[in-house]
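Here's the structure we're looking at; comments come further down.
The values are calculated or read from the model by the stated rules, or taken from the named source; none is laboratory data. For clarity, every value in this text was computed on a predicted model and none was experimentally measured. Methodologically, a virtual Cβ is constructed for each residue, glycine included, from the backbone with ideal geometry; neighbour enumeration extends over all protein chains shown. Accessible surface is based on the protein model in full, side chains and every heavy atom, while ligands, DNA and RNA are left aside. Shrake-Rupley method; radii C 1.70, N 1.55, O 1.52, S 1.80 Å.
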Amino acid sequence: MNIKEISQTVIGRLPRYYRYLGELQKSGIERISSGALSKKMNVTASQIRQDLNNFGGFGQQGYGYNVAYLRSEIGKILGLDTEHNMIVMGAGNLGQALAKYSSFERSSFFVRGIFDNDPKHQGRTVRGIPVMMMDELEGFLSNNQIDIAALTIPKEAVSEVVERLVKNGVKAFLNFALVDLELPKDVIVENVHMSDSLMRLSYNMIQRKEN
């Protein structure tokens, strides 16, 4: 089935399935029913079955799901069976934190370089990853296949930097820059607004207090 036909809400739940199934594997659980999985994930068993049926089902009535097989198949759907090369734009606190995040590699995302325009970062490495200056960007991209750029730079610099990246073949962005990007249709952006998450958390805290 064409992935574009599937709801983004469904796709948004797949990483949770992948994560919970990984925890089950570590616990030595070999199979699980949709009912048991629903209790762990706080999603109805019916919803789990509907979600997975979008991709072929993977379960057997009366048997449930083989945990290792289901996790492997969801990993393939998410593209985790392929290595993805990343660069981080910005060597500040957030950029360095992303470069140090070893869980990326366990999910097949590998940070290959960090770029910044501040000379104080020149020659540094973060967890063995070199920090390069912005004037080295095009040369690096011409010699390396980079799939994803994480944007941790000031929003006033984003448009120019993204334009350079797109011209040099980068087609996916993890955007922490708090600015909306207008890009060609073949370029994918995942916006990460941590302040939005905090505001949602604040709203839910207030609602709980009032109820």
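Here is how the numbers come out for the structure above:
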quantity: Selection from the range 95-136 of residues that are without any contact (Cβ under 8 Å) to a residue 12 or more places away in the chain, in contact with a strand residue (DSSP E or B) (Cβ under 8 Å, 6 or more places away or on another chain) and on the phi > 0 side of the Ramachandran plot; calculated: Gly123
quantity: Output for the range 31-45, where each listed residue is more than 12 Å from Tyr17 (Cβ to Cβ) and among the polar types (S, T, N, Q); calculated: Ser33, Asn42, Thr44
quantity: Per-region count, the range 26-55, residues part of a helix (DSSP H, G or I), open to solvent by 60 Å² or more (accessible area, probe 1.4 Å) and farther than 14 Å from Thr9 by Cβ; calculated: 5
quantity: Subset of the range 3-34 (residues that are touching a helix residue (DSSP H, G or I) at 6+ places or on another chain (Cβ under 7 Å), among the basic types (Lys, Arg) and farther than 21 Å from Asn191 by Cβ); calculated: Arg31
quantity: Filter result (in contact with a strand residue (DSSP E or B) (Cβ under 7 Å, 6 or more places away or on another chain) and of a type in the set (S, T, N, Q)) within the range 146-195; calculated: Thr152, Asn175, Asn191
quantity: Filtered residues of the range 161-198 (kept if outside any loop (DSSP other than H, G, I, E, B), of a type outside the set (D, E, K, R) and either farther than 22 Å from Asp116 by Cβ or open to solvent by less than 40 Å² (accessible area, probe 1.4 Å) (or both)); calculated: Val161, Val162, Leu165, Val166, Ala172, Phe173, Leu174, Asn175, Ile188, Ser195, Ser197, Leu198
quantity: The range 67-118: number of residues that are in a loop (DSSP other than H, G, I, E, B) and either touching a Pro at 6+ places or on another chain (Cβ under 9 Å) or surrounded by fewer than 21 Cβ atoms within 10 Å (Cβ to Cβ) (or both); calculated: 14
quantity: Filtered residues of the range 149-160 (kept if closer than 13 Å to Val111 by Cα and surrounded by fewer than 20 Cβ atoms within 10 Å (Cβ to Cβ)); calculated: none
quantity: Complete set of residues in the range 186-211 that are of a type in the set (A, V, I, L, M, F, W, C) and out of contact with any Leu (no Cβ under 7 Å at 6 or more places or on another chain); calculated: Val187, Ile188, Met194, Leu198, Met199, Leu201, Met205, Ile206
quantity: Residue, nearest to Val162 (Cα to Cα), within the range 137-148, restricted to residues that are open to solvent by 50 Å² or more (accessible area, probe 1.4 Å) and free of Cβ contacts under 8 Å to residues at least 60 places away in the same chain; calculated: Glu138
quantity: The listed residue being in contact with a Phe, Trp or Tyr (Cβ under 6 Å, 6 or more places away or on another chain) and of a type in the set (Gly, Ala, Ser), out of Gly35, Gly64, Gly92, Gly59; calculated: Gly59
quantity: Inter-residue pairs, beta-carbon under 8 Å, first in contact (Cβ under 8 Å) with a residue 24 or more places away in the chain and within 17 Å of Leu94 (Cα to Cα) and in the range 178-196, second charged (D, E, K, R) and surrounded by 11 or more Cβ atoms within 10 Å (Cβ to Cβ), 6+ apart; calculated: Val179/Lys155
